[in-house]
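The values are calculated or read from the model by the stated rules, or taken from the named source; none is laboratory data. Note that the coordinates shown come from a computational prediction; the quantities given were computed from them, not determined experimentally. As a convention, Cβ positions derive from the backbone with ideal geometry for all residues, glycine included, and neighbour counts pool all protein chains shown.
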């Protein structure tokens with residue numbers, strides 16, 4: 001388990017405590033005194049050798065600094081909230097301290113307030129940066145890293161509180177001895193309120209002269225009474241082990257009419273077996289170090305620490321608010337992302353379904369597309385086609401009556417670009433009939449081109465023959481017979497389509513007039529019927545060819 005170290009020094013020795021944490025307590029393993037010299041490098045080497053012999057390397061150390069190494073002042077300040085005190089204390093210290101700079105570490109503790117809460121007293125201490133750096137250098141040479149740098153009288157007072165010897169309502173003087181000086185600390189209500197460090201003369205064997213200490217104690221009590229507004233010290237607590245000489249206790253008891261309490265710092269501490277059997281020669285000198293380790297184990301740091309001085313608290317953290325804002329924003333962003341993702345997924349599903357439907361209907365689409373193309377082709381064909389049955393109906397209604405003219409042959413020819421052409425050979429009773437026929441056959445859609453005529457009496461009752469060519473133009477306004485419905489719809493004049501074929505049937509025509517009975521041979525009627533039948537056959541054939549072509553398209 002990691003060790004914790006506490007270190008202090010004076011003009012004659014290093015004092016080192018080695019402890020092991022045990023929860024909120026600490027076990028003191030060793031209490032060492034290492035003699036020092038005027039050579040700082042030699043002192044660091046001696047300390048490093050002691051640590052190496054105990055296999056302690058690169059450890060954190062808590063350093064205790066004596067009262068004589070710092071500048072200490074009692075400051076009276078207007079009552080202020082705690083967050084403003086650090087700046088106010090430094091500002092006042094810059095005016096009242098004899099030697100202080102902007103870079104000097106400065107820490108303070110609050111002592112008391114006036115009854116009207118208008119002023120407050122603080123005890124401020126400062127140390128030079130050079131001295132701090134010197135301590136860091138010495139520790140670094142011994143492979144130690146300072147973790148705290150506390151004021152020793154405050155650590156001693158803390159140990160007294162941990163041992164239950166300082167409580168609320170008490171006012172006592174704590175005397176802690178070192179090898180060359182005495183630290184006098186007045187505790188008011190368990191809090192260090194007045195600190196002094198005095199160098200005392202030594203006798204021939206190196207012990208402090210008791211009478212010199214008594215005089216300093218009197219002066220300290222008087223100064224503390226003045227500072228504590230008349231409050232007097234009622235007890236003296238001397239940090240001294242049972243094995244140490246009792247001359248100081250006897251001298252204080254005889255010279256002062258106060259209660260004298262000898263306080264062994266190691267009493268009440270958990271010690272290793274070795275340390276319990278072999279305590280140090282001067283246990284009272286380790287009071288400050290024991291207080292440092294006790295504070296660290298119990299995590300109670302109420303004194304002055306030059307490595308962690310009191311600072312103006314940072315502005316209120318907006319982390320909580322920012323966390324809530326970030327969490328809310330993140331939740332909203334997550335909800336939006338989830339909604340967008342769900343929407344995209346749903347749309348992708350719909351797209352996939354539509355693609356599947358399109359793929360399934362692709363074959364039907366191709367068939368429908370082919371039907372559309374066929375219908376378009378048929379529409380184009382029908383728009384440019386000529387309905388020959390309509391033309392035959394027109395011809396039968398327009399051509400002169402059978403008693404004046406008779407068609408011998410009829411030829412119907414279609415031309416997709418120019419329309420159609422009707423070629424006919426006919427007999428006429430007179431030449432005037434030929435001109436009349438040409439006149440009645442000519443209209444906006446029909447252009448008549450005579451192809452010759454001559455006298456011809458080969459047909460009984462008719463004395464002229466002629467040839468006509470009729471050019472038929474396309475009529476876009478006439479509906480197709482396919483649209484009308486073949487064989488079912490009525491024409492505008494009330495005659496069915498089937499009547500058209502009968503209109504040109506020679507068998508339905510009235511017999512020509514019998515002008516000369518001698519000329520009416522029995523075989524003339526079959527000839528007439530043959531001519532009419534030929535025309536009808538040609539018309540029906542043309543109609544069938546047309547329907548076949550339409551169906552094929």
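Screening residue 62 against (1) within 27 Å of residue 276 (Cα to Cα); (2) modelled with pLDDT of 90 or more; (3) touching a strand residue (DSSP E or B) at 6+ places or on another chain (Cβ under 6 Å); (4) not in a strand (DSSP E or B) leaves a single unmet condition, (4).
Being surrounded by fewer than 23 Cβ atoms within 10 Å (Cβ to Cβ) and without any contact (Cβ under 8 Å) to a residue 24 or more places away in the chain: is that true of residue 170 here? Working first, answer last.
Working: surrounded by fewer than 23 Cβ atoms within 10 Å (Cβ to Cβ): yes; without any contact (Cβ under 8 Å) to a residue 24 or more places away in the chain: no.
The answer is no for residue 170.
Here residue 397 fulfils each of the conditions (1) at pLDDT 90 or above; (2) touching a helix residue (DSSP H, G or I) at 6+ places or on another chain (Cβ under 6 Å) apart from (2).
Does residue 329 qualify as being surrounded by fewer than 15 Cβ atoms within 10 Å (Cβ to Cβ) and at pLDDT 90 or above? Please lay out each step first, then the result.
Details: surrounded by fewer than 15 Cβ atoms within 10 Å (Cβ to Cβ): yes; at pLDDT 90 or above: yes.
Taking the combined requirement at face value, the residue satisfies it.
Within the range 45-63, residues that are assigned by TED's automatic domain parsing to the domain that holds residue 144 and at positive phi have Cβ atoms under 7 Å from residues that are part of a loop (DSSP other than H, G, I, E, B) and surrounded by 13 or more Cβ atoms within 10 Å (Cβ to Cβ) in these pairs: 58/143, counting only partners at least 6 apart in sequence or on another chain. Looking only at residues of the range 184-203 that are closer than 30 Å to residue 35 by Cα and surrounded by fewer than 23 Cβ atoms within 10 Å (Cβ to Cβ), we find that the one that is farthest from the chain's Cα centre (by Cα) is 203.
Scanning the range 58-79 for residues that are out of contact with any helix residue (DSSP H, G or I) (no Cβ under 7 Å at 6 or more places or on another chain) and within 22 Å of residue 15 (Cβ to Cβ), we see that the one that is surrounded by the fewest Cβ atoms within 10 Å (Cβ to Cβ) is 58. Does residue 153 fit the bill of being crowded, with 17+ Cβ neighbours inside 10 Å, in the same structural domain as residue 288 (by TED's automatic domain parsing), in contact (Cβ under 8 Å) with a residue 24 or more places away in the chain and not in a strand (DSSP E or B)? Yes. Checking the range 80-103 against the condition returns no match, with no residue being assigned to a strand (DSSP E or B), outside the structural domain of residue 185 (by TED's automatic domain parsing) and either surrounded by 15 or more Cβ atoms within 10 Å (Cβ to Cβ) or in contact with a strand residue (DSSP E or B) (Cβ under 7 Å, 6 or more places away or on another chain) (or both). Restricting attention to the range 114-131, the residues being under 20 Å from residue 195 (Cβ atoms) and either crowded, with 19+ Cβ neighbours inside 10 Å or touching a strand residue (DSSP E or B) at 6+ places or on another chain (Cβ under 6 Å) (or both) number 8. When residue 301 is tested against (1) out of contact with any helix residue (DSSP H, G or I) (no Cβ under 6 Å at 6 or more places or on another chain); (2) modelled with pLDDT under 90, exactly one condition is not met: (1).
Output yes when any residue across the range 132-139 is under 30 Å from residue 225 (Cα atoms), part of a helix (DSSP H, G or I) and in the same structural domain as residue 49 (by TED's automatic domain parsing), and no when none is. Before you say what the answer is, go through the steps one by one.
From the range 132-139, those under 30 Å from residue 225 (Cα atoms) are none; that's our starting set.
No, every residue in the range 132-139 fails to be under 30 Å from residue 225 (Cα atoms), part of a helix (DSSP H, G or I) and in the same structural domain as residue 49 (by TED's automatic domain parsing).
Among the conditions (1) surrounded by fewer than 19 Cβ atoms within 10 Å (Cβ to Cβ); (2) in contact (Cβ under 8 Å) with a residue 60 or more places away in the chain; (3) under 24 Å from residue 293 (Cβ atoms), residue 234 misses just one, which is (3). Could you list, in sequence order, all residues of the range 136-148 that are out of contact with any helix residue (DSSP H, G or I) (no Cβ under 7 Å at 6 or more places or on another chain) and either surrounded by 24 or more Cβ atoms within 10 Å (Cβ to Cβ) or farther than 21 Å from residue 108 by Cα (or both)? Matches in the range 136-148: 136, 137, 139, 140, 144. In the range 214-228, is there at least one residue being without any contact (Cβ under 8 Å) to a residue 60 or more places away in the chain and not in a helix (DSSP H, G or I)? For the range 214-228, residues without any contact (Cβ under 8 Å) to a residue 60 or more places away in the chain and not in a helix (DSSP H, G or I): present. Before we move on, is residue 128 closer than 30 Å to residue 232 by Cβ and within 53 Å of the chain's Cα centre (by Cα)? Considered against the rule, which asks whether it is closer than 30 Å to residue 232 by Cβ and within 53 Å of the chain's Cα centre (by Cα), residue 128 comes out as no.
Of the residues making up the range 192-218, those that are out of contact with any strand residue (DSSP E or B) (no Cβ under 8 Å at 6 or more places or on another chain), closer than 29 Å to residue 164 by Cβ and at pLDDT 85 or above number 2. Checking each residue in the range 160-183 for being more than 20 Å from residue 111 (Cβ to Cβ), assigned to a loop (DSSP other than H, G, I, E, B) and more than 60 Å from the chain's Cα centre (by Cα) picks out 178, 179, 180. Scoring residue 178 on the criteria (1) farther than 25 Å from residue 12 by Cα; (2) modelled with pLDDT of 85 or more; (3) out of contact with any strand residue (DSSP E or B) (no Cβ under 6 Å at 6 or more places or on another chain) leaves a single failure, condition (1).
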